[in-house]
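What follows is a short report on a single structure.
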Amino acid sequence: MHPHVGESDWEEGLEQAASFLKAASRVAVLTGAGISAESGLATFRGQGGLWEGQRVEDVATPRAFARDPRQVWRFYNLRRANLAEVQPNAGHRALVDLEQRFGDDFALITQNVDGLHQAAGSVNVLEIHGSIRRVRCTECPYIVERGVEALPDLPHCEKCNSLLRPDVVWFEEMLPATIWSRAELAVVRCQCLLVVGTSAMVYPAAGLIATAHEHKARVIEVNLQATPATQGVDVSLLGPSGTVLPELVRRVATAPPL
Ligand code: BV8
Ligand code: ZN
């Protein structure tokens with residue numbers, strides 16, 4: 001099913017996007033919840049951005065956790081349970097193929113905390129908002145992978161018995177400095193930034209698109225619909241990433257690497 005743009009502009013858009021990727025020696029990718037939608041995971045804006053009638057921005061905050069840690073853990077334990085039921089989709093897998101073509105000159109920057117890129121086989125993944133597959137202690141340096149196994153309603157640290165929290169970045173919290181600076185560097189040094197399945201509303205992540213422009217990189221957007229970033233991108237491919245990305249990567253893969 002080709003997205004609703006005219007046959008010719010669709011073909012032209014794909015060819016132009018493929019030519020930007022083929023001309024690049026370094027590529028960076030920025031993904032959002034949209035790339036996991038076809039795996040069956042809800043997006044933020046998809047649910048109208050609401051949780052138990054509250055704005056996600058009000059549940060995923062240190063203040064909300066201090067006020068009602070049970071409610072915040074209900075939010076994350078449900079997302080972990082949903083994650084246990086899903087698999088990466090063709091969009092995730094296409095980015096694995098793209099990474100194979102660019103090797104170390106490739107960085108996958110994700111806002112997603114679902115770990116599906118790594119589950120698909122992606123290697124150089126920068127989780128700028130953390131992961132719900134990890135938990136960390138609110139008091140001691142204890143941090144551990146717990147995958148998607150069910151957790152108690154209010155998990156406690158096995159070292160110091162303090163409250164555990166999901167190892168994610170909440171609103172009004174700083175992003176992990178090392179991972180963020182590696183993400184910024186990858187965008188500053190790339191010739192092409194591929195932006196997939198993000199509403200480009202949350203900062204500083206969305207700011208990476210402007211950073212790419214400032215450094216004369218080509219920007220390709222893949223989304224079901226236009227976003228605040230669409231006006232500024234070089235090519236906007238409107239369609240489901242699980243369909244668009246395999247087609248785009250197929251066209252890049254045919255050309256010999258630079
Ligand atoms: C911070 C982890 C310093 C937790 C997340 C500048 C301007 C305005 C506001 C700010 C600013 N700077 C800072 C802020 C405040 C805030 C912010 O950006 N607020 C927004 C709401 C305006 N940023 C912060 O708080 C950041 N920290 O700045 O610290 C500070 C300190 C004190 C006080 C102030 C500042 C921290 C931000 C990170 C928060 N954590 N996630 C968790 O996941 O629970 S953000 C979370 O929401 C996601 O990680 C992601 O980043 C965002 C959701 O966006 P998307 O992933 O894009 O998903 P969405 O549903 O919105 O869109 C899906 C898209 O996919 C749609 O476009 C849809 O069309 C498309 N789609 C759907 N299906 C498909 C598809 N596309 C293709 N194929 C499909 N099949
Ligand atoms: Zn502890």
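The values are calculated or read from the model by the stated rules, or taken from the named source; none is laboratory data. The structure displayed is predicted, hence computed values, not measured ones. Cβ sites come from the backbone with ideal geometry, for glycine too, and all protein chains shown count toward neighbours.
Computed quantities for the displayed model
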quantity	calculated
Hits in segment 218-258 (condition: of a type in the set (Gly, Ala, Ser) and farther than 21 Å from residue 202 by Cα)	239, 242, 253, 255
Flag for residue 154 being more than 15 Å from ligand 1 (Cβ to nearest atom), more than 30 Å from residue 191 (Cβ to Cβ) and part of a strand (DSSP E or B)	no
Scan of segment 173-195 for residues that are assigned to a loop (DSSP other than H, G, I, E, B) and either farther than 20 Å from residue 135 by Cβ or more than 12 Å from ligand 1 (Cβ to nearest atom) (or both), ordered by number	190, 191
Test: residue in segment 159-167 that is within 16 Å of ligand 1 (Cβ to nearest atom) and over 30 Å from residue 187 (Cβ atoms)	yes
Any hit, segment 62-76, residues being farther than 19 Å from residue 138 by Cβ, within 9 Å of ligand 1 (Cβ to nearest atom) and either of a type outside the set (S, T, N, Q) or at pLDDT 95 or above (or both)	no
Filtered residues of segment 70-107 (kept if among the small types (Gly, Ala, Ser) and out of contact with any Gly (no Cβ under 9 Å at 6 or more places or on another chain))	81, 103, 107
Qualifying residues in segment 110-142 (those that are within 16 Å of ligand 2 (Cβ to nearest atom) and closer than 24 Å to residue 85 by Cα) - the one nearest to the chain's Cα centre (by Cα)	134
Any hit, segment 128-145, residues being touching a residue at least 60 places away in the same chain (Cβ under 8 Å) and either farther than 27 Å from residue 242 by Cα or within 13 Å of ligand 1 (Cβ to nearest atom) (or both)	yes
Close pairs from segment 149-173: first of a type in the set (Ser, Thr, Tyr), partner within 15 Å of ligand 2 (Cβ to nearest atom), Cβ under 7 Å, at least 6 apart	162/137; 162/138; 162/139; 162/140; 162/156
Options 198, 227: the member that is part of a loop (DSSP other than H, G, I, E, B), touching a strand residue (DSSP E or B) at 6+ places or on another chain (Cβ under 9 Å) and free of Cβ contacts under 8 Å to residues at least 60 places away in the same chain	227
Among the candidates 178, 198, 211, 254, residue that is closer than 20 Å to residue 60 by Cβ and polar (S, T, N, Q)	198
Candidates 109, 128, 143, 132, filtered to the one that is farther than 24 Å from residue 30 by Cβ and at pLDDT 95 or above	143
Among the candidates 113, 96, 123, residue that is part of a loop (DSSP other than H, G, I, E, B) and farther than 17 Å from residue 166 by Cβ	123
Any hit, segment 79-97, residues being of a type in the set (Asp, Glu), modelled with pLDDT of 95 or more and surrounded by 15 or more Cβ atoms within 10 Å (Cβ to Cβ)	yes
Any pair with Cβ under 8 angstrom, 6 or more apart, that starts in segment 26-37 at a residue that is more than 16 Å from residue 118 (Cβ to Cβ) and modelled with pLDDT under 95 and ends at one that is of a type in the set (S, T, N, Q) and surrounded by fewer than 24 Cβ atoms within 10 Å (Cβ to Cβ)	none
Selected residue [within 17 Å of residue 35 (Cα to Cα) and within 16 Å of ligand 1 (Cβ to nearest atom)] from 121, 115	115
Whichever residue in segment 194-220 is within 13 Å of the chain's Cα centre (by Cα) and closer than 19 Å to residue 94 by Cβ and, among such residues, is surrounded by the fewest Cβ atoms within 10 Å (Cβ to Cβ)	196
